[in-house]
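J.: Below you will find the structure I want to go over with you.
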């Protein structure tokens, strides 16, 4: 399974607590795929919404294909996510819980098909973000101290 990552949503990992992830396909037009191969995609502020027992990705910007003609795609259109009925029902039940939503984490090619990794997330509070930053800095300090102690032990 060769995966080629197109784009990742780094802000999502910063702003949300990720509870679970799921892989979904995307219903796309030809010029959208060509634009994605060129890396002209932005996942910032995008999310998934339910509409008539179907799931759509909203807010994903795919720039128009440079060599396209008058039939080029709309950059901000809602794109249908391809999941089984059972998966859609399960996710719908979980999203009904207060404060949970579905956001895309990354977009990638898998065996020639465009896939999106969706995450069921809950919003982080400011104190959660501060806790993550403090933990990261503490880990960095521990690694630094361990590295200096190891270099003192073994001079070669």
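Laboratory data are not the source of any read-out in this text; all were calculated from the coordinates shown. Please read these numbers as outputs of a predicted model, since none were measured by experiment. Every residue, glycine among them, receives a Cβ derived from its backbone with ideal geometry; neighbour counts consider all protein chains shown.
J.: Out of the stretch 39-52, which residues are free of Cβ contacts under 8 Å to residues at least 40 places away in the same chain and not in a strand (DSSP E or B)?
T.: Within the stretch 39-52, 39, 40, 44, 45, 52 meet the criteria.
J.: Quick one: would you say residue 55 is touching a residue at least 24 places away in the same chain (Cβ under 8 Å) and outside any strand (DSSP E or B)?
T.: Answer is no for this residue.
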